[in-house]
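Q: Sending over a structure as structure tokens; questions will come in a sec.
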Amino acid sequence: MRPVRWFLPTLVLLWLAAPAWAQDCITCHGKTSPHIVADWKLSKHSANEVDCASCHGADHMTATDAAKAKLPTPDTCEACHAERVAQFKKGKHALAWVSMNAMPTIHAQPLAMTVGMKGCGGCHKVGIKSEADLKAVAAGGGRGFGNASCDACHTRHTFSVKEARQPQACQTCHMGFDHPQWEMYSASKHGVRALLAQNGTLPEGTPAPTCQMCHMPEGNHEVRTAWGFLAVRLPMPDDKQWAADRATILQGLGVLDLEGKPTARLDAVKAADIARLTQESWQAERDRMRAVCAKCHSPVFANEQLGRGDEMIKEADHLMAEAIRTVASLYKDGVLPRPAGYASAFPDLLTFHDAPTPVEQRLFVMFLEHRMRAFQGTFHANSDYALWYGWSEMRRDLAEITHSAEELRAAKAMKPGIRPATSH
């Protein structure tokens with residue numbers, strides 16, 4: 001490897017040899033947005049003569065025509081990074097924007113939360129957008145930010161591969177209420193080992209699993225998992241109880257109707273690739289993950305631990321289904337009015353915080369916060385999340401929902417015709 005003292009003069013010569021308009025970009029933006037220029041100068045783009053116009057076009061020349069500067073999209077990156085962009089377009093991150101907009105009540109949120117990217121849109125912006133999507137973002141004050149997608153992990157304007165390979169690159173989005181993977185991972189033995197290797201406590205070269213090592217093996221940008229985001233899949237299992245429980249959850253998701261037949265919402269699930277809908281697609285992802293685990297663990301141990309995750313989903317599904325049926329029975333018996341627009345006689349788990357009553361709100365929290373922690377904590381090797389923040393909380397949720405249902409029925413019996421209220 002040649003010394004840095006050889007490399008730096010070369011960069012200076014490249015910069016001096018740049019077209020006049022490229023130097024104008026550097027001169028002007030060196031004053032108006034100096035950190036952007038500093039990032040670019042540190043980047044491999046700069047070293048390889050990928051200048052401002054390569055991504056933004058050459059139409060923007062003065063402070064008065066800034067609107068002519070093009071905002072990059074994945075197609076822009078594809079010109080040089082065709083393999084990685086092709087992988088990205090096949091994976092779940094590319095569908096993040098579609099899946100957000102597929103949620104039934106997403107459009108009831110303030111625009112700042114969605115197209116303004118201060119809520120769901122802050123992370124789901126990584127998804128590829130259609131022309132109509134981009135116009136909607138602009139109309140909502142989003143100014144088109146989030147077009148590039150790749151810069152969610154390779155942040156502007158260094159676009160560093162080294163940065164994107166660090167587990168912290170995933171932390172911004174994979175944390176919090178419904179997907180606390182960062183919290184689970186960073187406190188697990190996997191995460192602790194990776195962070196100790198990162199800060200130099202462990203010797204250089206120590207195998208230490210990052211998010212990317214497990215979910216992006218060999219740099220594959222598809223980033224898919226066997227169970228998908230919500231841990232529901234088809235076909236149904238042979239276990240009759242689990243099959244009945246999963247059917248109830250699918251009905252709560254509005255994917256199956258009261259008779260167990262597919263609804264129109266199944267098309268949205270397919271479009272957003274939220275779930276594995278065939279045994280073959282599930283098995284392919286499971287085999288891929290098993291191969292990753294086997295690089296550090298014995299195949300027997302890997303199979304056993306992945307199987308524990310499947311078992312936790314089964315246990316969580318049983319609690320979840322009982323709670324869904326409890327609320328559905330309140331609709332059936334006229335104790336609670338079933339909200340208009342629900343896909344079936346079951347509570348709609350995808351209404352989120354827009355669920356109309358406290359007992360339905362509790363059901364939403366049970367599903368999207370606690371059930372997620374139970375199975376995700378298991379797969380991420382974090383015992384506390386699997387038990388205390390997940391399965392244990394689900395048991396408490398079910399007790400509260402059952403008690404609230406009893407109170408509602410008692411109030412209904414005492415005052416016929418009057419809708420009861422509950423503090424639970």
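The values are calculated or read from the model by the stated rules, or taken from the named source; none is laboratory data. Because the structure is a prediction, the values reported are computed rather than measured. Reconstructed Cβ throughout: ideal geometry from the backbone, glycine too, with neighbour counts over all protein chains shown. Side chains included, ligands, DNA and RNA excluded: accessible areas come from the protein's heavy atoms. Shrake-Rupley method; radii C 1.70, N 1.55, O 1.52, S 1.80 Å.
Q: I'd like to know which of PHE177, ALA139, VAL161 lies farthest towards the positive end of the charge dipole of region 128-202, counting +1 on Cβ of Lys and Arg and -1 on Cβ of Asp and Glu.
A: VAL161
Q: Please give the charge dipole size of the chain, origin at the Cα centre, charges +1 on K and R Cβ atoms and -1 on D and E Cβ atoms. Round to the nearest 20 debye.
A: 380 debye
Q: I've got another one for you. Determine the share of the chain's accessible area contributed by carbon and sulfur atoms, expressed in whole percent, with a 1.4 angstrom probe.
A: Within the chain, the accessible surface is 60 percent carbon and sulfur.
Q: Return the ratio Rg/(2.2 N^0.38 Å) for region 339-381, where Rg is computed over Cα atoms only.
A: 1.35
Q: Please compute the modelled spin-label separation between GLU259 and ALA138, points set 7 Å along Cα→Cβ, answer in nm with one decimal.
A: 4.7 nm
Q: Report the residue, chosen from LEU363, LEU350, LEU258, that carries the largest GNM mean-square fluctuation when the chain is represented by alpha-carbon nodes joined by springs under 10 Å.
A: LEU258
Q: Something else: Relative contact order for region 204-290: what percent, with Cα pairs under 8 Å and sequence separation of 6 or more?
A: Value for region 204-290: 35 percent.
Q: Related question: Using only C-alpha atoms and all pairs of different ones, pull out the Kirkwood radius for region 193-350 in Å with one decimal.
A: So the Kirkwood estimate lands at 18.0 Å.
Q: If I build a Gaussian network model for the chain, linking alpha-carbon pairs within less than 10 angstrom, which residue out of ASP75, ASP239, ASP397 has the largest mean-square fluctuation?
A: Its mean-square fluctuation being the largest, the pick is ASP239.
Q: Based on the Kirkwood radius over alpha-carbon pairs, what is the Stokes-Einstein translational diffusion coefficient of region 211-252 at 10 °C with 1.306 mPa s viscosity, in µm²/s?
A: D, rounded to a whole number, is 130 µm²/s.
Q: Moving on. Using Cα springs under 10 Å in a Gaussian network model of the chain, which residue among ASP151, ASP317, ASP65 shows the largest mean-square fluctuation?
A: ASP65
Q: Here's another thing I want to ask about it. Do the sum for the chain: with -39,500 (n - 2.57) for every DSSP H run of n ≥ 4, divided by all residues, what is the mean residue ellipticity at 222 nm, to the nearest 500 deg cm²/dmol?
A: Rounded to the nearest 500, the figure is -15000 deg cm²/dmol.
Q: Normalised by the residues of the chain, what does the relative contact order come to in percent, with Cα pairs under 8 Å and at least six apart?
A: RCO, the chain: 13 percent.
Q: So what is the diffusion coefficient of region 54-200 in µm² per second by Stokes-Einstein at 25 °C and 0.890 mPa s, using a Kirkwood Rh over Cα pairs?
A: Translational diffusion coefficient: 145 µm²/s.
Q: Suppose we keep just the alpha-carbon trace of the chain; what are its Rg and Dmax in angstrom?
A: Final numbers for Rg and Dmax: 25.1, 87 Å.
Q: I would also like to ask the following. Considering the dipole of region 240-346 built from charges on the beta carbon (Lys and Arg +1, Asp and Glu -1) around the Cα centre, which of GLN241, CYS293, SER329 is farthest to its positive end?
A: After comparing all options, I get CYS293.
Q: I'd like to know which of TRP97, GLN376, ASN48 lies farthest towards the positive end of the charge dipole of the chain, counting +1 on Cβ of Lys and Arg and -1 on Cβ of Asp and Glu.
A: Working it through, the farthest residue towards the positive pole turns out to be ASN48.
Q: A further question on this structure: Could you let me know the centre-to-centre spacing of region 64-112 and region 331-386, using Cα atoms, in angstrom?
A: 29 Å
Q: Taking 8 Å as the Cα distance limit and 6 or more residues as the minimum spacing, I'd like the relative contact order of region 285-375 as a percentage.
A: 26 percent
Q: May I ask you to rank GLU393, GLU315 by accessible area, largest first, using a 1.4 Å probe over the protein chains only?
A: Reading off the accessible areas and sorting them downward yields GLU315, GLU393.
Q: Quick check: the angle from helix 299-332's long axis to the longest principal axis of the chain, C-alpha only, nearest 10 degrees?
A: In the chain, helix 299-332 runs at an angle near 50 degrees to the longest axis.
Q: Give me a comma-separated list of calculated 3J(HN,Hα) values for region 110-126, in order, Karplus coefficients 6.51, -1.76, 1.60 applied at θ = phi - 60°, integers in Hz, x for any Gly or Pro.
A: Working through the residues one at a time gives x, 4, 4, 7, 10, 6, x, 6, 10, x, 4, x, x, 10, 6, 4, 5 Hz.
Q: Ignoring ligands and nucleic acids, what accessible area does PHE301 show with a 1.4 Å probe (Å², nearest 10)?
A: 90 Å²
Q: Can you work out ³J(HN,Hα) from phi for every residue in region 61-76, in order, using Karplus 6.51 cos²θ - 1.76 cosθ + 1.60 and θ = phi - 60°, giving whole Hz and x for Gly and Pro?
A: 10, 9, 5, 8, 10, 4, 5, 7, 5, 7, 9, x, 10, x, 5, 5
Q: Would you mind getting the accessible area per residue of the chain, heavy atoms of the protein chains only, 1.4 Å probe, in Å²?
A: With all protein chains present, the chain gives 54 Å² per residue.
Q: OK, next. Using only Cα atoms, tell me the angle between helix 189-198 and the longest principal axis of the chain; keep it within 0 to 90° and round to the nearest 10.
A: With both axes taken from Cα atoms, the answer is about 10 degrees.
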